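Worksheet: one structure, shown below.
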């Protein structure tokens, strides 16, 4: 307000200065001329003018008293216009608003020092509410202790601007269409508004009437032609227009007689002659026809038949959009959360902010494990002793699925895994632009997942391997035990033979010893027959040798059988192993 | 989501009678609905009653502690508005030194000027009829980020805020997370 104010005052000063510099001579000369004229004409017309003036004054006085009286009467009959409740037609500047009631200032007052402006009523209510001491208190806006400025404090310009605002007549609900300046609204209601109440023109009647009806007294009883209710003539119009339950009206379109009150509803909703659009109009059908004939059209119109379906669709779509909005909001929040998480992550480890996958040690480790496992898988499949349940090609494919890191596609991984020399396995991660993950955090998370999978797989493989090993050891043990038992049997067989041989030899020696001296000639023979033997009976030696030979043969047979058994056993164990 | 749904036409005019308070509130409500300068606030009426507003506060992320929270609150205006202040109550559970565990907001500008039962605040900080729902909500949002521990409404929260800021922050984050989860139920 204040710059405006100051500018105005400046202009005023300019105006006054110009007027002070130029106009005084002219105005003084003008007035002087007028005065001279007046003096010149005075003697001739003084009596007539005096009489006229007196009459005029008398009439004015009468008019004034009449005006005041009618105003007072009107104020008595009509509720005073509440300026705060008015409906404004013209747009107004927000600076003209009272900060308390938020409508254009009504009877503005200005506070000392802070120059804040309020409606008088608003400020009075605020202050008497809290400090009954009087028009003194704190400014509601700046809270400074202050008091009211006198009437002179408010600029006339402000008051004029406010009074220029155009408002709607408060009786507009009753039918007054007047839009007048706010400054004139009280006069409009009190003196001109056709719908304001005035005294009945009849001297004896004391009931109020609308101004437009106030040509004669309407306060006598009549009865409605249609419903035969008795009422005052003054109320008949309203009754006739709005209340009468029996008044019939002719519908202009279908020529049927309907209740007057329901005429509008009839035309809008039921009249068969009203032209209405096709039910599919919303979806593009342009046909309009009478209500009675729309049925016919509806039967043939595709859009009309589809209308319920389309409507349902539309409703659903709206619902979907609504929920989508909610979801979008949710996603936004989640993303915010992710971002903060990311911030926390990267604040701790700034190296990771370079979101290149190969730079991240975790990923490298993952790559190595992948590499190693392919190598072991290959060696496994070639070696005889270890067998993985899955064939190598399958293993590679499963690996390739494990290797689906963010930065390269599964097909790439598969190609690499299937390439023949696993030693040359070199990793060239594709450029980051092709990465399906937008943020390094996602990348990290997915990598974490992949690692976890890998660990789980390795653990499973380990337990598998463990089982297989123990089975292998068990098998081998059995086979060795068998072999040992067989060897033990063989050894005991040989031992028995040796025992038998020695005992036979000893027997032979014992038989020979009585005739040792007599049979010196046979000594050479006996020594020839039984190696280290001390000589003996030739026939006995022969028999011994024979039995030894059969025994040896038997032993050999047993050994052969053992060999075969062992072979079988080994084959069996081999089979068992291959089965494993 | 009744808060941000477009209002029936009756509500934008002068619902709930035609007293000057109702007219003023209707005008301010309409302004809140159309104003685009206040982000994160959406309001609606409870039972189409102009004296009962339901407000959804979506706190901006730069607000320390409460950033990202979605709090539902209810503002009840007296029939003497704007001469007497409205009451504001959070319906979403919120952990804050200046908000009672029941959700009622304890903020000096919502205290009527004549009562001074606590002696904590001078009249200068209390209700003034020039306050609007908008200024109230802005004050509440700024209160969230900077609690006033001189007269804590939630004594436990005030104590925690003073003595164990870390734990306080944890509790606040939890209530913010809960508010996000329950905001659209």
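Some points to look at:
- Residue check, residue A:245 closer than 20 Å to residue A:69 by Cα and at pLDDT below 80: no
Residue by residue, here is whether (1) more than 11 Å from every other protein chain (Cβ to nearest Cβ); (2) touching a helix residue (DSSP H, G or I) at 6+ places or on another chain (Cβ under 7 Å); (3) free of Cβ contacts under 8 Å to residues at least 24 places away in the same chain holds:
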| site | (1), (2), (3) |
| --- | --- |
| A:84 | no, yes, no |
| A:90 | yes, no, no |
| A:95 | yes, no, no |
| A:98 | no, yes, no |
| A:112 | yes, no, no |
| A:118 | no, no, yes |
| A:122 | no, no, no |
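Per-residue answers, yes or no, for (1) at positive phi; (2) modelled with pLDDT under 95; (3) surrounded by fewer than 15 Cβ atoms within 10 Å (Cβ to Cβ):
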position	(1), (2), (3)
A:503	no, yes, yes
A:506	no, yes, yes
A:509	no, yes, no
A:514	no, yes, yes
A:518	no, yes, yes
A:525	no, yes, no
A:528	no, yes, yes
A:532	no, yes, yes
A:535	yes, yes, no
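- Filtered by the rule that a residue be part of a loop (DSSP other than H, G, I, E, B), closer than 17 Å to residue A:108 by Cα and in contact (Cβ under 8 Å) with a residue 60 or more places away in the chain, segment A:139-177 gives A:155, A:165.
- When segment B:60-86 is filtered for residues that are within 11 Å of chain A (Cβ to nearest Cβ) and under 19 Å from residue B:100 (Cβ atoms), only B:69 remains.
- Hey, residue A:325 more than 14 Å from every other protein chain (Cβ to nearest Cβ) and either at pLDDT 85 or above or touching a strand residue (DSSP E or B) at 6+ places or on another chain (Cβ under 8 Å) (or both) or not: no
- Looking only at residues in segment B:134-171 that are within 14 Å of chain A (Cβ to nearest Cβ) and out of contact with any helix residue (DSSP H, G or I) (no Cβ under 7 Å at 6 or more places or on another chain), the one that is nearest to residue B:102 (Cα to Cα) is B:169.
- Residue within segment A:290-308 that is in contact with a helix residue (DSSP H, G or I) (Cβ under 9 Å, 6 or more places away or on another chain), at pLDDT below 80 and not in a helix (DSSP H, G or I) present: no
- Residue A:212 meets the conditions (1) in contact (Cβ under 8 Å) with a residue 12 or more places away in the chain; (2) closer than 28 Å to residue A:119 by Cβ in every case but one. The failed one is (2).
- Condition met for residue B:90 (crowded, with 16+ Cβ neighbours inside 10 Å, without any contact (Cβ under 8 Å) to a residue 24 or more places away in the chain and more than 14 Å from every other protein chain (Cβ to nearest Cβ)): yes
- Matching residues, segment A:107-138, being modelled with pLDDT of 85 or more, assigned to a loop (DSSP other than H, G, I, E, B) and within 16 Å of residue B:129 (Cα to Cα): A:116
The values are calculated or read from the model by the stated rules, or taken from the named source; none is laboratory data. Computed from a predicted model, the values in this text were never measured in an experiment. Because the Cβ atoms are built from the backbone with ideal geometry, glycine has one as well, and the counts that use them run over all protein chains shown.
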